[in-house]
Structures are given as C-alpha cells and as structure tokens.
1. From the residues in the stretch 1-32 that are open to solvent by 50 Å² or more (accessible area, probe 1.4 Å) and either among the aliphatic types (A, V, I, L, M) or on the phi > 0 side of the Ramachandran plot (or both), which one is modelled with the lowest pLDDT?
2. From the set of residues in the stretch 31-63 that are of a type in the set (Lys, Arg) and farther than 12 Å from Ile8 by Cβ, which is nearest to the chain's Cα centre (by Cα)?
3. Is it true that some residue in the stretch 42-60 is modelled with pLDDT under 75 and open to solvent by less than 100 Å² (accessible area, probe 1.4 Å)?
Amino acid sequence: MGKHRVMIPCDEATRLLSEAQDRSLGAGERTVLRMHTWICSGCRQFGAQVGFIRQAMKGFADRNDGHENDDGGGDGSGDGDRRGPPGRDPS
C-alpha cells in the first residue's frame, strides 16, 4: 500500500506552506496540509504570515518596477537623500 499519512509534523507543514508560494501542491499534499493547519494554530499563523510577506513583496516589486534609482542617489544606494527623518531640521 502507498505512503498515506493522516497527520504531518510541523516542520513538514511549514515546508509545504513555503513551497506552496512557488508551486502548486499535489492533491495529497494539500489534503494533509489542510488537516494539519486545521489543528495547528502555529502553522496556520505561519501560513498567514508567509502569504502576507509574499503579497507585500509583490506589491513592493510592482511599485518599484523600472524605478530602481528613484531614491535621488542615482546609483541605487539610497545615499542621495541625506536630509534625515521627516520633521527634523538637519542644520
């Protein structure tokens, strides 16, 4: 008979949650992951955080597409604007 597990450990669940960001999981992987995250609040939270970070980075990348040097520095280093934090007088 095949290798069928009802419950997977947290390390495997977090690996699958991470991999799901880059590839489609198989039906068996999705099923055991859903079962695990239904029971495990820590892995459920990890999945939410990974999804949030991915969306935030995608939004950041989309916003900055083709605008690598818009920081005023011209070289992408971010040193072009030396005024300091807003509301602070540099003199």
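The values are calculated or read from the model by the stated rules, or taken from the named source; none is laboratory data. What you see is a predicted model; the values in this text were computed from it and never measured. Here Cβ is always computed from backbone atoms with ideal geometry, including for glycine, and neighbour counts include all displayed protein chains. When the accessible area is computed, the model is the full protein with side chains, heavy atoms only, and any ligands, DNA or RNA have been set aside. Shrake-Rupley method; radii C 1.70, N 1.55, O 1.52, S 1.80 Å.
1. This residue is Met1.
2. Arg54
3. No, every residue in the stretch 42-60 fails to be modelled with pLDDT under 75 and open to solvent by less than 100 Å² (accessible area, probe 1.4 Å).
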